[in-house]
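Have a look at the structure below, then the notes.
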Amino acid sequence: MTAEKGYSALPSRPQPVSSSVPHRLGLLELRLQIPDRLFKQNTLLGASFLLRDLVLVVIFAYTVYRVDLAIDAFNISPTVAVLSRAVAWLSYWWFQGLVFTGIWIIGHEVLFFFTPDSMDANGVFVNSQCGHGSFVRSRLLSEAIGFICHTVLCTPYFSWKFTHQLHHRHHASMEKDQHWVPRSRSSIKSSSLEDAPAVSLLRLIVQQLLGFPAYLLLNASGQPGSDPLTSHLNPYASSLYKPSQRKHVMISDVALVCMAYALYLCGSRLGFWIIFRYYGIPYILVNHWVTMIVFLQHTDPQLPHFRKNAWTFYVGALSTMDYDFLGWQGRFFLHNIAHFHTIHHLFPAIPFYHAAEATEILKRLLPDNYRATSKPVFKCLWENFNKCQFVDDEGDILYYRDKRGQCHVSVEDILKDIPASAGRRDT
């Protein structure tokens, strides 16, 4: 199903339908339809993407440096000089921000953790497979690459890895998911639902600039009602980490301190304004792109969330929206992370360079349950930010409501979601 058409508001929650509605292909049946070769990593190919990104970082930085010198060298009017610098630096920040984000995404791709592979008759996982681990075959090399990629972009690698594992295992679960968990109606103040468009725009800007750091520092957008000390930097945050994971969280914390000190030393030697221009602004854009990508993938009026009586791994993984995110730029710089995210949730061990082919199989086998849109992503960001305010306090299958309490999903699409959770749970 796509997100291209608009829908009238629904006054009440969807009701269960009869068992005559066909049940979709089971998870294990779907897995058997995907060739094993699409799960195989190509270490040289994976390394080539990282090398390409690192080369682009150097090329873009050197290019804007030389352009800046050239503007000073030529005898041009001040107005032309200012405009030329503006074009050069705005272009640098845009593309370097995308490249930095691509490096962050590679750090995401190399994560090694355990994800569900099969279930018993009651829908309980009895097996597991390693994933993502979809970048290179060596676990040690993968962890080293991920640790470096995330640390240089001020992300606590192991800390985020552990909560991202929970996100993959429990995606779209109201009780256990860790990313962009919907707020219930009773948990928000009525005044926050009456913002003028200008206030909504300001709130959206704050979300885009501070959303990811706030998630890491304060667990914002994570599970509501967490302990005030819940933070990715707190190794004793019991709702996020097991005791056995504390030492890894501490390692991530120490690495961030070292990175901060390295930036301080560079700023002291080269000038903090230079560090801010070459590194700081692209880093801010990484926070923007990561926040925007994850928000859109999991926050949409058409995407259901499930309470424990209705949730299974399968329905949760399918509650994802794929986007034609920035067109060729999203494919090239962002490694298709937004274009083919549904298959990534179903089978995270599939390397990103095989995701396009695997998604075509998914679309063919589950045409009614695959969600994607080609609408401009910034338009989607604004619409979803305003339409996805809260979910109902009651019910097992939940859809976002806007500030007026209206749903923006069709009855047809709701009926396609219900058999997955109301039907059999053995696949």
Output the peptides 246-256, 41-51 sorted from most to least packed, where packing is the average of other Cβ atoms within 10 Å over each peptide's residues. 246-256, 41-51
So what does the Cα-only Debye profile of the stretch 27-422 read at q = 0.06, 0.12 Å⁻¹, as log10 I(q)/I(0), no solvent term? -0.25, -1.00
Rounded to whole Å, give me the distance from the Cα center of the stretch 300-347 to that of the stretch 53-79. 38 Å
Holding the Cα-Cα limit at 22 Å, pick out from 176/363; 189/387; 308/375; 40/375 the pairs that are longer than that. 176/363; 308/375; 40/375
With a/c under 1.5 counting as rounded, go ahead and sort the stretch 215-339 into rounded, prolate or oblate using the C-alpha gyration tensor (a ≥ b ≥ c being the square roots of the eigenvalues; past the cut-off, prolate if a/b is larger than b/c, else oblate). oblate
Of 311-322, 379-390, 78-89, 269-280, ordering from highest average Cβ density within 10 Å down gives 311-322, 379-390, 269-280, 78-89
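None of the figures in this text is laboratory data; all of them are computed from the coordinates on show. Because the structure is a prediction, the values reported are computed rather than measured. Please note: Cβ atoms are built from the backbone with ideal geometry, for glycine as well, and neighbour counts cover all protein chains shown.
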